[in-house]
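S.K.: What follows is a single structure, and I will ask about it in a moment.
Just so you know, all these numbers are worked out from the coordinates, no wet-lab data involved. Remember, predicted model here, so these are calculated numbers, not experimental data. Glycine also receives a Cβ, built like all others from the backbone with ideal geometry; neighbour counts cover every protein chain displayed.
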Amino acid sequence: MKVKKLNTVQSSLKNKDHPYMKGAWEPFYDEFEVLNLDSIGSIPKDFDGVYLRNTENQIHEPIGRFHPFDGDGLLHSIVFQNGKADYRNKFVRTEGFQIEQKFNSSKWAGLMERPGTSILPGWGAQGCLKDTSSTDVVVHAGKALTTFYQCGDGYNCDPITLDSAGKVSWAPIEGVSAHTKVDLRTGELLFFNYSKQAPYMHYGVVGSDNKLKHYTPIPLPGPRLPHDMAFTENFSILNDLPLFWDSEMLKRGIHATKLHDLPSRFAIIPRYGSADEIKWFEASPTYCLHWNNAYENGDEIILEGYFQENPEPGNYDGAPKGLERMMAFLDNHLLQPKLHRWRFNLATGKTIEERLDDKVLEFGAINQRYACKKHRYTYSMMPTKGWFTFDGICKHDHKTNNDDIYKFGDGIFGSEVCFAPRHNSINEDDGYLISIITNVNEKISACLIFDATNITAGPISTLELPHQVCSGTHATWAQMNEIF
Ligand SMILES: [Fe+2]
């Protein structure tokens, strides 16, 4: 193992006395390159590609109250090839990151503060936020693309070295939300954005040549807070869910979410369609952060995701003063997301809903080779009670309705798993699950590789990382042949 510290970014953060600046969320500032990671258990030679993990890592003393989703994007890549693995981590060189590095201080207030608190004009649907590009990451047109859940510019970098390639050229003025979707069959990227100005949402398609090929307004009744989208072979699925900003509070500049007495609504639009071609469907009210897959079956469009049973929780017991609401919305055991299926019938306009698993689960993954097809397995993360961290993996078999579970252990938290197929694999689960864990007892991190056919047996390889990794949200997997 050859450890090389490439850089340490300038930080002005002094006060880490916040529940989300400690433990698994403690921020770090070093950028490393480690060639040939040491491994307990040999690394399988029958897969190759890159696991990319985006994290939210606060660098400067916050202006006002801190929310963990305010942290700067810090990307981690682990490249697997011929039974060897290399690790690199690098901050996303966003415009905001570069300005704050120059001044060594925060110039933007976060999600918990009124937009007018920021020192400089910013980004995001809420307004005046820093585009941290810290929420999500995918690989498209040979480059990694990082995005911000409140809508930002979208940044490209090299998926191996993480060297910045700047802002994407195709981002519209309204920005790009997190959860862009890559269709591996066509090489296209699908995206949406949302804002406080009519028409409140847009949807677009970027070609495999990284050029915008379709962009259209999606008129909504008012400002909404969609977080994810889904797609099938011919359609994209956008949503208008009843949890969104309280309009009275919004008039006073306060962005407080409220569950409205409205149904959930889903827009099914042909991939290159416009608003007049949307078929709208209604379903029971909920909020859903993430969808796992969607596919067509005759007249039906089938969508799988996580239905929150309690999208507007009460205050979090025992939170520091002023953080009760924030900590409640970060606790999935209060929100109660459950694996769920929506079936939209294009012929009748009716929706059928099915609960698939009664456990609290979120942040799901499938074998992406089964995107737009009926998949058998969903790999979900198991949220920690009380915290925005994950303490286990649950593999749900939709054919047998059986769950396989692996728990990381006390004080050990994992990142969103991704499925990496084995070379020449035939079965859907013939491959590996990859996650980065942070062990807060020993203040270390490692990358775990599981045999996806037998996750209960525990990791087959444990790769030592050079530092503790701060928690965050999303990760992705790309095969070597999807990069080059
Ligand atoms: Fe997300």
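S.K.: Dividing the Cα convex hull volume of the chain by residue count, how many Å³ per residue is that?
M.R.: Dividing the Cα hull volume of the chain by its residues yields 134 Å³.
S.K.: Quick one: order VAL168, VAL469 by neighbouring beta-carbon count within 10 Å, fewest to most.
M.R.: The order, fewest Cβ neighbours first, is VAL168, VAL469.
S.K.: Which value in deg cm²/dmol, rounded to the nearest 500, describes the helix-derived mean residue ellipticity at 222 nm for the chain, given -39,500 (n - 2.57) per DSSP H run of n ≥ 4 and division by the residue count?
M.R.: For the chain, the value works out to -1000 deg cm²/dmol.
S.K.: Moving to a separate point now. Suppose the Debye formula is applied to equal point scatterers at every Cα of region 191-332; what is log10 I(q)/I(0) at q = 0.09, 0.11, 0.13, 0.20 Å⁻¹?
M.R.: -0.32, -0.47, -0.65, -1.28
S.K.: If you average the alpha carbon positions of region 228-286 and of region 379-456, how far apart do those two centres end up, in angstrom?
M.R.: 30 Å
S.K.: Report the convex hull volume per residue for region 118-198, counting only C-alpha atoms, in Å³.
M.R.: Per-residue hull volume (Cα only) is 98 Å³.
S.K.: At a temperature of 4 °C and a viscosity of 1.567 mPa s, determine how fast region 79-133 diffuses translationally according to Stokes-Einstein, using the Kirkwood radius over alpha-carbon pairs as Rh; express D in µm²/s, rounded to the nearest whole number.
M.R.: Calculated translational D: 99 µm²/s.
S.K.: Just the number, please: Stokes-Einstein D of region 409-471 in µm²/s, Kirkwood Rh from C-alpha pairs, 37 °C, 0.692 mPa s.
M.R.: 266 µm²/s
S.K.: Further question on the same structure: I need MET21, MET249 ordered by Cβ neighbour count within 10 Å, fewest first.
M.R.: MET249, MET21
S.K.: Before anything else, pin down the relative contact order of region 2-483: Cα pairs under 8 Å, at least 6 apart, normalised by residue count, whole percent.
M.R.: Once divided by the residue count of region 2-483, the mean separation gives 13 percent.
S.K.: What share of all Cα pairs of region 98-238, in percent, falls into each consecutive 5 Å distance bin?
M.R.: That works out to 2, 10, 19, 22, 20, 14, 9, 4, 1, 0, in percent per bin.
S.K.: Neighbouring Cβ atoms within 10 Å as the yardstick, rank GLU282, GLU442 fewest first.
M.R.: GLU442, GLU282
S.K.: Work out, step by step, the length gained on full extension between ASP299 and HIS214: first 0.36 nm times the residue separation, then minus their alpha carbon distance; give nm to one decimal.
M.R.: The ASP299-HIS214 span can extend by a further 28.1 nm.
S.K.: Continuing with this model, one more query. For region 1-119, what percent of Cα pairs sit more than 24 Å apart?
M.R.: Of all Cα-Cα pairs in region 1-119, 37 percent lie more than 24 Å apart.
S.K.: Separate question: In nanometres, what is the gap between the two model label sites at GLU282 and LYS258, each 7 Å from Cα along Cα-to-Cβ?
M.R.: Between GLU282 and LYS258, the label points sit 2.1 nm apart.
S.K.: State the Kirkwood hydrodynamic radius of region 285-386 in Å, one decimal place, computed from all pairs of distinct Cα atoms.
M.R.: One decimal place: 14.8 Å for the Kirkwood radius.
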